[in-house]
Structures are given as structure tokens and as C-alpha cells.
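Notes follow the structure.
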Amino acid sequence: MTYSAWIILTASLVGLSCGIMGVFLILRKQAMMADAISHTVLLGIVIAFLVTNQVSGVAMLIGGILAGLLTAFLVQSLQSLNIQHDAGIGIVFTTLFAIGVILIATSVGNAHLDVQHALMGEITFIPFHVITLPILGEIPQATAFLFVVLLIIVLFITAFYKEWKITTFDPALAASLGMPVLFLHYLFMSLVSVTTVASFDAVGAIMVVAMLITPAASAYLWTDRLAKMFILSGSFGVLSAVLGYYLAFWIDTSISGSMAFMTGLIFLISFIFSPTHGLMAKYIRPKQAM
Amino acid sequence: MTNSIIKVEGLAVAYQKNTVLSDVNFEVKPGSLTGIVGPNGAGKSTLIKTMLGLHPALSGSVYFFGSPLSKVKSRIGYVPQRGSVDWDFPTDALDIVTMGLYGQIGWLKRPTRLHKEQAFNALKKMGMEDYAHKQISQLSGGQQQRVFLARALVQDADLYFMDEPLAGVDAATERAIMAILKELIADGKTVMVVHHDLQTVANYFDHVLLLNHTVIKHGETSKVFTKENIVQTYGGNMRWMGDE
Amino acid sequence: MWLNLLSSNTQWVLLSTMVLGIAAGTMGCLVYWKRQNLMSDALSHASLPGVVIAFLLIGEKNLFYLIIGAAISALIGAYLIQWITTSSRISEDTAMGIVLAVFYGFGIMLLTVANRSVGGNQSGLDSFIYGQAAAMVKSDVITMVVLAILVILVVVVGFKEWKVYLFDQAFASGLGLSLKTMNILYTAIFVMTIVIGIQAVGVILMSAMLIIPAVSARYWTKSFKQMIFLSAIFGGMAGMVGTLISTIGNGLPTGSFIVIVAASFFIISLVMGKEKGLLIQYIQFKSQQKAYLASSISSEKEVQSK
């Protein structure tokens, strides 16, 4: 495959994974938790790097999951201490992120990590770091990594589909039926962390947030069917990734920035033109009888 | 007493520094339909949430069928307040009703056609079969409440807790829900309902639990639901709805 | 003593981060009670495109113009969040996430273009975005301090009005207070606080300056006035101490150290605070439980004795 084909494939995998994760994420009203986790995962990655002294996928993944779980746990604890939920998120993620930044500035120095890279990603370098796999041959490490993560996400989302559904819609009922609501919350946050870690290299922390939230929000404006929302969200994610790549290529600018911009453009179009929940629909047939 | 289906002893609940419930003791007979009545903030929802383990208790114990909650969860159905969920969730009425079966279906398994049929029958019982595939956001408040009731029915529990099922519903829905509750009782089930409308208490419930941070009075409606007890529950400055 | 050892530029920087901390601590209390904590995060990210566009238009890094650009961009972001939330089924936190990430992405697109056109990172925009107080010059400091004092003044002068506005809007309008004017004023000083802090703390961590001191202050007092006062002190101290620490090494990120210092204040407050601090609460819980058990035992005895 050509250089740009690899980049497009990688970006599409990010779009697809994030698009799928995003559906339950926004329905669970955890969008800002994803923002928090995407920042704190940096700390996990830095610590994994300091411990193992190398940039290894598995170590980063573990570090990222632990950082994500720590974030979710701290936010949960602060909330149980009666601190406004969003204030809790704000305190936790800025503090952990600051620790990550300081660690990078002081001990990791000019090694393989730097803050800007982590925040913006560097998808252009991805095709250069290849690994050799049986059957598939030489493929970029990040791409293979993303593919595995996509499989993990799909597996967990489908295996616990009804559990996600009920804990999202009515956690009180779920708890009364004896479902481990809190455990499922932490499992979900781990999945968000995994998605974030895998997408980090390609698009960076903040663009992950765009990819996680915006395509799902757009899909939510087009459909009232959960299954359809998954398909749409995944497609919007891939579409933003591909269009973003070409936009960046065209005006010669940041690829990840352009992808985030594209998710926004798709959202804007959905927000205005969606026949079910868009602005136009509301003006054309105002206030349908309930 | 061996023939009580619920036994609550010395239950106390606190949010932060404020004690919401204290020294709550009562027993419920099988086959009874009990209205939990009390002023706003009296701890009515908190009481059932705590009994169902959804909120931690400061002290006290709760027994259902003579066992602690964890052993008998599948025999208990819960209908939360309608306003506690986001009705923009992208799914249809049938799917929501099917959720009532999720506890029985078990991990990693999907609802089968049989489950869907069960759910559909429950909807039918609530007169909602025409709305089975309707988006839940497009249902009226009363219809949404009926979906919640159908979801409880499908659980086929022996004991039900319902949090304000008659709040903000239309007259037809209110009648439909009451008919179903009477039917459940006739089938030998036990139901506890948080209720806000004092005027209908006497008609709807055979037992009443007057609650204001603790149990003021509990027993058969005809004996307990007296003006004197109600004034005691609501405090001196309440307006007795019957006088209006 | 210490201050004499520092270069005069560092003294200026210290002054500015301290005043910024005071302003953010003050404003943070209003934001806290308006329950818009994470809005500050969304808006600081949303300011990025405005910063870069202002830079591209004037062609140099002049703090005053960058702040104007940032403010316009953040205001558009705030308006969009409100518009999306009120006119669609999208919830507020999702809308904030969208605006935050998409504006930031757009800003990065523009920044890449800006850096290319000026050649490398010479523009100094990067330090502006990621927060490097050391990169500030005297004129930046003056701009910042003046605007920060303006924010503090608006809060202090209208203290009574803010209080009713935050706690009881219906009552406020009953008093003849124009909610519309208050909303506009609130948004104006909110956005101003955010954008003047970006240079020192960075877009990503600026929200911490608003959130953390205010939450910490809550653990020491029940009075709104004292909360603002304490929050301002926490904010000012965090700004100053954080900056001092970051001057020890070369190129250390100021913003991160300020946040860490603020977070330490928070942890101390959380544990030791006299209003619902963990220690106090634990003691209260234990005594409550004891008292409750004692009273229930005695009431049982009463029953038995009857």
C-alpha cells in the first residue's frame, strides 16, 4: 500500500473506533469525561514510558487504562464527597495532566515524547514505524494497534450490548435487577481509555475528543434507532477522517486539526438539515403534537 | 411475625449531615396494596431506594420474604420515577419493556423472540400494543408511564415498588394503571406505591404508610388514613385537600 | 531577599500571575455557583482560533489584539454551546465537548498555517497557547494586570447584585435587576478572565485556575463573601508560588506548576477544611452514628418499660 493509503486507513480506523465508542458515551452524558480521560491518559503514557524506558504499545495501553480508571475513580470519589460533578472533572483532569506535563518537561526531556506531539498527534510519521506480522506482512505499528483496539471495542460493545443499554437508559432499574452498574461504568471508561491511547499517536488527545463526541452527536440528530446510530456514527467518523486528510493535504496544514474540523462541519450540516431533529425540520413543521 | 413479606427494622438514612429517615420500622402483609404518603422531602423515594439497595443505609435492616435483598432480587420489581430517565434515548417502547427481562436473560445472551413476545404481551396489557414500535420520545407522559408499568409487569415479580406512577398522567392512564395494580393484587402480588394525591388515597390503597422522616402511622387505610393522622404527617399548616 | 535574586522580568511575571490568580479565583466563585465549571474549559479551548486569526491579521504577537481575538472566538463558542443545547436534543456536556474539540482543531489548523508562514515557531504563538509565563514581556504584563483588575473590580463593585443573581434569579428580577444585563456582564468577565490567563497558564489548564481555588474555598466558609476572598487568596498564591517554582529550571511549564500548587491547596482544604472537610465529616459521622444508636437503644428500653 502507498504511504497515503496507510494514513487514510489509520485515520479511518480512528474514526470508526471513536464513532462506535461515542454513541454510548454521549447517551451516558459522559462527553466531558472523555475529554478528561483523553488528557489524563497522557500521564499514564508518560509513566509507562518512565517505567519501561521504551515506547511500547502494551505498556502504553496499560498505563493509559490505569490513568483512565484513576480519573474515573477520582471523579466518582469527589462527586460522592458532594463536589459538583463538573467541578470534580475539572479538578482531576487538570491536575493529572499538569503532573504529566511536568514529568515530560523534567525527566523525559527530548526523548520520544513531547507534549505537543501528544496533543496533536503525528499521523504523518505512522507509516514509518512498521512491524512484521504473519500473513499480513509489514504493516505500520499504530495501524495494527488500532485494528486490535477496534476489535476489542466491537467485542465489548456487542457482548454487553443490553447491559450498556439498560445502564445508560435507566441505571436505577439496572441496579435493582442486580446489575453491577458501577463496574460497568469503570469498564466503559476503560474502553474509552483504550480507544484514546490507540488514537493518540494518530490524532492526539484533543482530536480524540472531537472524534469521540462529534460524529455520535451528529448521528443522534439523524436517527431514533440505536443500531442505526452506531452505523451513522461510525460512518461519520470515517468520513471526517478521510475528508479531513484531504482538506489538510489541500491547504497544507495539520491533519488531525482538519479531521476535528471535519467532524464539526458534519455536525453543523446535521444540526441544520437533519429531517428529524435538525433546525430546518423544526421550522418547517413547528411543534409537532406530542 | 411470619406472614409479613417485608420487614423493615430501625432503618435510618442520611444525606451528608442531614438525616432523611430515622427509626423506620414496619411490616407489610402479602397481597396488600400500600400507598406511601407524605409531604415533599419526607423521604418517600429515599425509603424505597434504600430498601432496594440503591442508596446506603446508616443503620437498620430490611428483609424481603424473610431473606436479605441480595437473595431475592429477581422477585422484586421496581418502577422508578418517570422523570428519572432521558426519554430521548434512541429506542422504541418494546425495547424498553424488554429491559425488564434483562435480569433473567443473563450475561452475554441476547433477548430472543420469546422475550420480545413476553414484552409485547405486557404492552398489550397496558393497552399500548399499537405503540410497540413507536419511538419513546414521541410518547405522551401517560404513555411513557404505561411503558414503565409494562416493563415492571414483564419482570413477573412477587413484590413491586413504584415511585409516583400516577404523577402527571392523564385520567385514562391513571385508570389503566390502577386496574393493573388491582389485578396484580388479585394475583397474590404485593405492591407499594409512592403516592402524592391525598384525595385518591382512600379509593386506591388498602393500606397506607404515612411517612415524614419516620413512619407516622401504618396500617389499613380505613383505620389509619384519618384527618388527625394526616395533619400529624403534614404538619399543622397543611391545607387539607378535601376542604377546598 | 528572594525577590532580589530574581531578574526584574521575573518579578513582573510574578506580579502578573499573582493578579491573574486573584482574578480567576474571584471569578471562579461566580462560575462555581452558576455551575459552569467545565464551560471555562470549553471556552479556553474555543479561544484558540481567535488567537491565531488575530495573529495572522496583525502579523505580530501583540497581547492586546490576541486577547481580543481570543475573546471573540470564545464568545462565539459560548453562543454555539447555548444554541445547540437549547435548540436540539444534544445535551450541554456533549455540546461543550463538540465546541471545545472542533474549535481547538480548527485553531490547530490555523496555527500550522501561521507557523509555516512566519517560519518555524518564531512567532512565539506556541508558548502563548501552552502557557509559558517566562515568555511574557513588560507590556504583556501591563495589559494582563489592567484587565485582571477590571474583572476583580466588576465583581467587587457589584457584589450584592452578583449574589442575588447567582442564588435567586427570580428574586433578582423582582428587585428590578436586569437579568439580561447581568448575563451579558457575567459572560464578558468570564471570557475576559479566561483569555487573559491563557498566556501564563495555557488553554488546556486555564480552567483549573477558575475551578480549583473556588472549590477549595468552599471547605473553609459558608459565606459567599468569604468564599470569594479565600478563593482569590488561593488563586493568587497558586499563581505566585507556581511561577516561582517554574523559574527554578529552564523552560519549565508555568501553567502546570500553578495547577499543582492550586491542587495541593485543594487537597489540604478537602481533608482539613472546617466546612465539610473529610476529617470533620468523619468525626461528625461517627458521633452521629453513636448518638443515633444510643437514642434507639434508650427508646427501645422505654418501650420495654411501658
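Details
- Rh (Kirkwood; distinct C-alpha pairs) - the protein assembly as shown, Å: 29.1
- Under 5 Å from the amide H of C:Gly273 lie the amide H atoms of C:Leu278, each residue being 5 or more positions distant or on a separate chain, with H modelled from the backbone and absent for Pro and chain starts.
- Furthest towards positive pole of dipole, B:Asn40, B:His115, B:Phe89, structure part chain B, Cβ charges: B:His115
- Label-to-label distance, nm, for residues given as A:Thr106 and C:Arg35 (7 Å Cα→Cβ offset): 3.8
- Among the listed pairs B:Lys189/B:Lys217; A:Lys29/C:Lys180; B:Lys7/B:Lys124; B:Lys73/B:Lys109; B:Lys49/C:Lys225, those with a Cα-Cα distance over 27 Å are A:Lys29/C:Lys180; B:Lys7/B:Lys124; B:Lys49/C:Lys225.
- Label-point separation, B:Asp156 to A:Ala159 (7 Å along Cα→Cβ), nm: 2.9
- The heavy atoms of B:His213 present about 80 square angstrom of accessible area, all protein chains included, probe 1.4 Å.
- For segment B:6-234, the dipole from Cβ point charges (+1 on Lys and Arg, -1 on Asp and Glu) about the Cα centre works out to 460 debye, to the nearest 20.
- Size descriptors for segment A:242-282 (Cα atoms only): Rg and Dmax, in that order, 12.8, 38 Å.
- Rounded to the nearest 100, the interface formed by chains A and B buries 2900 square angstrom of accessible surface, both chains summed, with a 1.4 Å probe.
- In the context of the full protein assembly, C:Met272 retains an accessible surface of approximately 110 Å², using a probe radius of 1.4 Å and ignoring ligands and nucleic acids.
- B:Val13 long-range amide H proximity, modeled H, under 5 Å: B:Val20, B:Leu21, B:Ser22, B:Leu58
- For chain C, the relative contact order comes to 29 percent (Cα pairs under 8 Å, sequence separation of at least 6).
- Restricting the calculation to Cα atoms, every distinct pair contributes to the Kirkwood radius of chain A, found to be 19.6 Å.
- Between B:Lys217 and B:Leu210, the built amide H atoms are under 5 Å apart, and every one of these is 5 or more places off in sequence or on another chain.
- Gyration tensor verdict on segment C:173-306 (Cα atoms; rounded if a/c is under 1.5, prolate if a/b is larger than b/c, oblate otherwise): oblate
- For peptide A:206-215, the mean count of partner chain Cβ atoms within 10 Å of a residue's Cβ comes to 6.
- In order through segment C:181-195: 3J(HN,Hα) via Karplus (6.51 cos²θ - 1.76 cosθ + 1.60), integer Hz, x for Gly, Pro: 4, 4, 4, 5, 4, 4, 4, 4, 6, 4, 5, 5, 4, 4, 6
- As a calculated quantity, the FRET efficiency between C:Leu57 and A:Glu138 at R0 = 56 Å, using C-beta atoms, amounts to about 0.75.
- Under 15 Å of direct C-alpha separation, and excluding same-chain neighbours fewer than eight residues apart, A:Lys162 reaches these aspartates and glutamates: A:Asp170, B:Asp92, B:Asp95.
- With a Förster radius of 56 Å applied to the beta-carbon distance between A:Tyr246 and B:Arg175, the computed FRET efficiency rounds to 0.35.
- Accessible area expressed per residue, segment A:3-278, with surrounding protein chains retained (probe 1.4 Å, Å²): 34
- 1.4 Å probe, heavy atoms, protein only - residues of segment A:216-265 losing at least 40 Å² accessible area vs chain alone: A:Tyr220, A:Asp224, A:Arg225, A:Asp252, A:Thr253, A:Phe261
- Projecting the Cα atoms of C:Met237, C:Tyr282, C:Gly176 onto the charge dipole of chain C (Cβ charges, centred on the Cα centre) puts C:Tyr282 farthest toward the positive pole.
- Probe 1.4 Å - accessible area at C:Arg116, Å² to nearest ten: 110
- Gap separating the Cα centres of segment B:13-63 and segment A:191-210, nearest whole Å: 44
- Value of relative contact order over segment A:133-266, rounded to a whole percent, pairs C-alpha under 8 Å and six or more apart: 19
- Segment B:6-234: C-alpha pair distances exceeding 31 Å, %: 21
- Within the shell defined by Cβ-Cβ distances under 14 Å, the residues around C:Ser117 carry a net charge of 0, with Lys and Arg each +1 and Asp and Glu each -1.
- Euclidean distance of C-alpha centroids, segment A:1-46 and segment C:194-232, integer Å: 31
- Area buried, chain C against chain A - accessible surface, total, 1.4 angstrom probe, square angstrom: 4500
- Taking Cα atoms only, the orientation of helix C:278-305 departs from the longest principal axis of chain C by about 20 degrees.
- With 5 Å bins from 0: P(r) over segment A:141-290, alpha-carbon pairs, percent: 2, 9, 14, 18, 18, 15, 12, 8, 4, 1, 0
- Phi-derived couplings, Karplus 6.51 cos²θ - 1.76 cosθ + 1.60 at θ = phi - 60°, listed residue by residue for segment B:176-183: 4, 5, 4, 4, 5, 4, 4, 5 Hz, with x used for Gly and Pro.
- Backbone phi angles across segment A:211-227, fed through the Karplus curve with coefficients 6.51, -1.76 and 1.60 (θ = phi - 60°), yield HN-Hα couplings of 5, 6, 8, 5, x, 5, 5, 4, 4, 4, 7, 9, 9, 10, 10, 4, 4 Hz in residue order; Gly and Pro are listed as x.
- Segment B:69-136 and segment B:183-236 have Cα centres separated by 28 Å.
- Taking packing as the residue-averaged number of other Cβ atoms within 10 angstrom, the listed peptides C:103-110, A:185-192 run from highest to lowest as C:103-110, A:185-192.
- Acute angle (nearest 10 degrees) that the helix B:141-154 long axis makes with the longest principal axis of chain B, alpha-carbon atoms: 80
- Principal axes of segment C:8-295: Cα extent on each, largest first, Å: 77, 49, 35
- Considering only Cα atoms, the convex hull volume of segment A:1-91 works out to 112 Å³ per residue.
The values are calculated or read from the model by the stated rules, or taken from the named source; none is laboratory data. Keep in mind the model is a prediction, meaning the values are calculated, not measured. Every residue, glycine among them, receives a Cβ derived from its backbone with ideal geometry; neighbour counts consider all protein chains shown. For the accessible areas, the whole protein counts, side chains as well, though only heavy atoms, and no ligand, DNA or RNA atoms are used. Shrake-Rupley method; radii C 1.70, N 1.55, O 1.52, S 1.80 Å.
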